[in-house]
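Report on the structure given below.
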C-alpha cells in the first residue's frame, strides 16, 4: 500500500505534529516507511489542486497512491478569509475523492484559536489526541475496504 501525505507549510509546529502522528499510525497499520510519500504545498488553499498534481505525478512515475491525506490548519482571524478558504478547500477535497477514484482523507483542522489547533495536534498534554493519527487510520481503512 502506498499512501501520500501532502501538507501545507503554514503553522509549522502544528502541521509537523499532525504529519508525524499520521506517519506513526500508518506504520502501526503496516504501511512501510518507503511507501509513505510526503510532499508540501505553500498553504491550505493549494491543498486540493496540489493533491491532484501529487496523484498525477505518482501515477506518471508508475507508483500510484492508494490514498492521500492532505494536511492543513486554518485558524480564524479577524477577516472573512477563514470562511472562504475553509469552504472552498472542503468542497474541492470532497470533489477530488470522486474525480480521483481513491480516498482523499480530510486532514484539515479549521479552528477558532491557536489553542484549539495545538490541542488537536496533540501538543497540549491531556487536552486532546493528535488527529493526524485518525487520518492515517482512515487512509488505511478506506484504501483496503473497497479494494477489488
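No value in this document is a laboratory result; all are computed from the given coordinates. Here the structure is a predicted model, which means the values were calculated and not measured. Every residue, glycine as well, gets a Cβ built from its backbone with ideal geometry; the counts of neighbours run over all protein chains shown.
One table, with the values for the structure above:
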read-out	value
Two-decimal Rg to Rh for the chain - Kirkwood Rh, Cα set	0.96
Whole-Å distance, taken between Cα centres, linking region 92-120 and region 1-66	12
Added length on full extension, which subtracts the Cα-Cα distance from 0.36 nm per residue, residue 34 to residue 59	7.4 nm
Inter-site label distance for residue 113 and residue 95 at 7 Å from Cα along Cβ, in nm	3.5
Difference of contour (0.36 nm per residue) and Cα-Cα distance, residue 24 to residue 137	39.7 nm
nm² value of the averaged projected area, convex hull over the Cα atoms of region 8-64	4.2
Å³ per residue enclosed by the Cα convex hull of region 66-148	75
